[in-house]
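Quick notes on the structure that follows.
What follows is calculated from the coordinates using simple rules that are stated; it is not laboratory data. Because the structure is predicted, anything quoted here is derived from the model rather than measured. Positions of Cβ are backbone-derived with ideal geometry, glycine not excepted, and every protein chain shown enters the neighbour counts.
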Amino acid sequence: MSETSSFAARHIGPRNDSRRELLEAIGFADLDSLVARVVPEAIQWEEGTTLPEALTEAEALDSLRGTLAQNRLLKSCIGQGYHGTLVPPVIQRNILENPGWYTAYTP
C-alpha cells in the first residue's frame, strides 16, 4: 500500500518534502529552530511527549467501535416535556408549518 493509504499519512500534517519547502520559504533549517523562535520560552516543554504510534484507519475505527459499544442507549426527553404532547392540527398548520414564519417573503 502507498503512504497515502494510512489514516495518519492522509490526516496528520504535511509530508517531509512539503515541510522542507515550507521551512526553506520562511528561512528556518528545521522545525526545532522555528519553534524556538516562535513559541515563548516560558511555555516550551522540554520533556517532549510520549504518544503511541499512529493507528491505521481500520484500527482507529475498530477502537472507536469498541469504545462506543460501551454506551447505553437511553430515551431522550429533551424538548418533549415529561409526557406525550399533542399539537392541535390548526396550530401545526398555521403556526409551525406556515412558510411566512421561516422565509423572507411575507404573504
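Key figures for this structure:
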item	result
Sparse-neighbour loop sites [trypsin sites (Lys or Arg not before Pro); region 37-99; at most 11 other C-beta within 10 Å; DSSP]	Arg72, Lys75
Tensor-based shape of region 14-107 (alpha-carbon gyration tensor, a/c under 1.5 rounded, otherwise prolate or oblate)	prolate
